[in-house]
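Report on one structure; see the data block that follows.
Read the figures in this text as sums done on the coordinates, not as results from a lab. No experiment lies behind these values; they were computed from the predicted model shown. When we count neighbours, we look across all protein chains shown, and the Cβ atoms used for this are built from the backbone with ideal geometry, even at glycine.
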Amino acid sequence: MKHPQELQDNILQDLIYYARHTEVGKKYGFDSIKSYRDFADRVPVSGYTEMEASIERSRKGEGNIFWPSDIKWFAMSSGTTNSRSKYIPVSQQSLEDCHYAAAKDLLCMYLNNNPDSKIFKGKGLRLGGSKQLDRKSGTAAGDLSSILIDNMPFWADYSSTPGNEVALMADWETKMPAIVQESITEDVTSLAGVPSWMMVLLNNVLETTGKDHILEVWPQMEVFFHGGVSFDPYVDQYKKLLPAGHIKYYETYNASEGFFAIQDRNDSNELLLMLDYGIFYEFISMKSYDTPDEKIIPLSEVELEENYAIIITTNAGLWRYKIGDTVRFTSKSPYRIKVSGRTKHHINVFGEELIIENAEEALKKTIAEIPCFIKDYTVAPIFMEGKEKGAHEWMIEFGTQPGDISAFAKALDLHLQRVNSDYEAKRYNNITLTAPKINIANPDVFYNWLKQKGKLGGQHKIPRLSNSREYMDELLVIHRKGSLVK
């Protein structure tokens, strides 16, 4: 918080020095890099496609390619619903100096802000991914949560529920009742997981116990540490599940590639960018992203409220790596951010530049005006055909439907125009875009879609916005069948 620029400069120099004798270090002359400008001029920006061949070699046991220490673990990225997994390298340094350091910092920040906390008098209910390890040449792959749990000290298991055996079960539909049965007899004081899947679990707890709300099951509950998806659509539902004013909600921003930011204050919607976890940050303004004028800048040059794609260089051998997320800076002293979306999960077919943050804000305002509860949603373009103009098509699964779906659609359209001037311009007099089309999804459409793809549970989530109709067309097939996938 006090010396961000110096700290980031030191981290970059440490990473370059440590990896100078690797294959990557020799290729780009790390030995003679003296400044950030040298680094930026020599090392190209890359994505998973560019790194995939090197990662596959590393998975087969070859060392010293992009990081000098042995890499025994690869986190299977669950950031999308694509059938093809990404294998993100996880070094011992990234485990200790990033992921575990972040967990400690999160708890310290929470306790500092809440000195009367009794969180350690009970257990933390953790809801992570599955342990599906693919062992090859001494390496293994699995969900990041399984890697973290597998490498935790033995005493950490005593303060958590469920135990490792259940927490790492592979089959989600077997795992869910097992978690419920093991946890309902414990004194749970905290929750940790993705909001959408945690809600599924908590509703199962209520169904099993016959209670009206979670505090009747776990009366000492005090905090939910959440991340992975925006919490805004779930706030009202969680207030019903946990009907007490003292419940705290703390957001984290972590991924297979690293742990990036933590909510460091009670009742805040901003995240403190963590600059001492062995990660060097760069950014690309989304105004120039993926264009000939694309400009990459270090942390010292960011501006407030600009939408940026994140580039990271890490202590697991990711060099100037595009993670696919976008953020906005809300403060530069200290550096605080809000996660605004994904570089690929947006709609800009008609120049409307609609991002996830816009959709979430418009939904929040619409729900306040027309009460309802949204379990899941996705949006896709309706492409122009002949003289037909374009539009956006929404698939929404409601927990509680609005009384008037036409009024809901109209309000949503108006709020989208108010939060996004480009969308408003394209909607003006239906010049390019006509009114959005709303599909009310049959129950469990999204659940069944994820099940078909083998993506139930853990950190798997629904892509909110897409420039193509791939997800929408698949969902429409399930929706029209109107029955559960067995």
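Here are some notes:
- Scanning region 105-120 for residues that are acidic (Asp, Glu) and either on the phi > 0 side of the Ramachandran plot or surrounded by 12 or more Cβ atoms within 10 Å (Cβ to Cβ) (or both) yields a single hit, 105.
- Residue in region 252-272 that is within 30 Å of residue 348 (Cα to Cα), buried (at least 17 other Cβ atoms within 10 Å of the Cβ), within 19 Å of the chain's Cα centre (by Cα) and among the acidic types (Asp, Glu) present: yes
- Meeting the requirement of 1 or more residues that are touching a strand residue (DSSP E or B) at 6+ places or on another chain (Cβ under 9 Å), the helices (runs of 4 or more DSSP H) wholly within region 1-118 are 4-18, 36-42, 48-59, 101-113.
- Any hit, region 272-292, residues being of a type in the set (S, T, N, Q) and under 18 Å from residue 95 (Cβ atoms): no
- In region 292-300 there is no residue that is touching a strand residue (DSSP E or B) at 6+ places or on another chain (Cβ under 7 Å), at negative phi, buried (at least 21 other Cβ atoms within 10 Å of the Cβ) and touching a residue at least 60 places away in the same chain (Cβ under 8 Å).
- Qualifying residue in region 36-52 (condition: within 18 Å of residue 9 (Cα to Cα), surrounded by fewer than 18 Cβ atoms within 10 Å (Cβ to Cβ) and of a type in the set (Ser, Thr, Tyr)): yes
- A Cβ distance below 8 Å, combined with a sequence gap of six or more or placement on separate chains, defines the contacts here; from region 407-424, residues that are closer than 16 Å to residue 353 by Cβ reach residues that are surrounded by fewer than 21 Cβ atoms within 10 Å (Cβ to Cβ) and of a type in the set (S, T, N, Q) in the pairs 423/417; 424/417.
- In region 160-200, the residue that is farthest from residue 143 (Cα to Cα) out of those that are of a type in the set (D, E, K, R), surrounded by 16 or more Cβ atoms within 10 Å (Cβ to Cβ) and touching a residue at least 24 places away in the same chain (Cβ under 8 Å) is 186.
- Looking only at region 389-445, and only at residues there that are among the β-branched types (Val, Ile, Thr) and farther than 18 Å from residue 365 by Cβ, the one that is surrounded by the most Cβ atoms within 10 Å (Cβ to Cβ): 445
- Test: residue in region 320-337 that is assigned to a helix (DSSP H, G or I) and either surrounded by fewer than 20 Cβ atoms within 10 Å (Cβ to Cβ) or more than 14 Å from the chain's Cα centre (by Cα) (or both): no
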